[in-house]
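Asks: Pasting a structure here, questions to come.
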Amino acid sequence: RLQVHASQGSSTRLGGGGWLVRSSCRATGEEVEDAFDALVLSDKLLILPNKYAVLAEEDLGPLALPLDLTSTGAVVLLMVLAKEEPSTSSSGVSAAATSTSSSGVSAAAAVQRLGAQDHAFVRLIVNDSAKPGRTGGPHDLYVVHSSAEYATAHLVGEALDDEEAVRAEMVAAALAILGRVADAPDAPDAPGSTPASGRVLHASVMAWDHAQPSTESRVEAPYLIDTARRAGVVGD
């Protein structure tokens, strides 16, 4: 995690213009300085007054954002499963490649968005292992986002009220949606199968307090740009 500050300058290193980005690691205190021809910021927290701001308020110029922008939060689960062993039907089709859970979510799909009618609190499941160039690995890697309401119920500032309980609930929900309940750590093992405790190889949760811009609090322009200073703001 970095503490970052950017400023313009005309030092020899910048060749008469550009941006200096100074960053320091909050864990080690190590400081690094880099020079760039242009600066693109991809999050409103890098602009609005807060501890993550990269630019000083007097340096914002055309990049300034409305101060009343608000966000909704999410709880994010990072989960690693042992690769699902495919079973082949009499037709020669791999069941793992075609399986769809009762919620209509395919475990093989790269991105699945869910509404309130699909699940009480899970809203997004990303199968990183299904993305181009990432298939064929020994693990199934998933990123799971909760609803804003679920996050509100469990977020205390930038932390979770009960991380262990939230992690267990998110893992159980994700496995159920993916049709892999048998992979839950407390599920009974089928004869001859890999022990369930070894199939969930990693599960961790994080509190994302500024996950999405609030519906009623958005900037209409798709981006802001400062041509003269070669800087811009995009994203949420």
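Asks: Scanning for something part of a loop (DSSP other than H, G, I, E, B), under 30 Å from Thr70 (Cβ atoms) and at pLDDT below 85, does segment 170-189 turn up at least one residue?
Replies: Looking through segment 170-189, none of the residues is part of a loop (DSSP other than H, G, I, E, B), under 30 Å from Thr70 (Cβ atoms) and at pLDDT below 85.
Asks: So, one more: Does Ser103 satisfy the criteria of being modelled with pLDDT under 55, open to solvent by 50 Å² or more (accessible area, probe 1.4 Å) and part of a loop (DSSP other than H, G, I, E, B)?
Replies: Here the answer is no, as Ser103 does not meet what is asked.
Asks: Still on this structure, I have one more. Within the set of pairs 6 or more residues apart or between chains, which connect a residue that is assigned to a helix (DSSP H, G or I) inside segment 56-71 to a residue that is surrounded by 10 or more Cβ atoms within 10 Å (Cβ to Cβ) and of a type in the set (Ser, Thr, Tyr) with Cβ atoms less than 9 Å apart?
Replies: Asp59/Ser7
Asks: Here's another thing I want to ask about it. Within segment 207-227, which residues are surrounded by fewer than 14 Cβ atoms within 10 Å (Cβ to Cβ) and modelled with pLDDT of 90 or more?
Replies: Tyr223, Thr227
Asks: Same structure, new question: Taking the condition farther than 22 Å from Leu201 by Cβ and either among the polar types (S, T, N, Q) or outside any loop (DSSP other than H, G, I, E, B) (or both), does Gln112 pass?
Replies: Criteria not met by Gln112.
Asks: Take Leu175 and tell me if it is touching a helix residue (DSSP H, G or I) at 6+ places or on another chain (Cβ under 6 Å) and over 28 Å from Ser214 (Cβ atoms).
Replies: Considered against the rule, which asks whether it is touching a helix residue (DSSP H, G or I) at 6+ places or on another chain (Cβ under 6 Å) and over 28 Å from Ser214 (Cβ atoms), Leu175 comes out as yes.
Asks: Please specify each residue of segment 140-162 satisfying the condition of being open to solvent by 60 Å² or more (accessible area, probe 1.4 Å) and in contact with a strand residue (DSSP E or B) (Cβ under 6 Å, 6 or more places away or on another chain).
Replies: Hits for segment 140-162 are Leu141, Glu158.
The values are calculated or read from the model by the stated rules, or taken from the named source; none is laboratory data. Quick caveat: nothing in here was measured; it's all calculated off a predicted structure. Note: ideal-geometry Cβ built from the backbone for every residue, glycine included; neighbour counts use all protein chains shown. Surface areas here come from the heavy atoms of the whole protein model, side chains and all, with no ligands, DNA or RNA. Shrake-Rupley method; radii C 1.70, N 1.55, O 1.52, S 1.80 Å.
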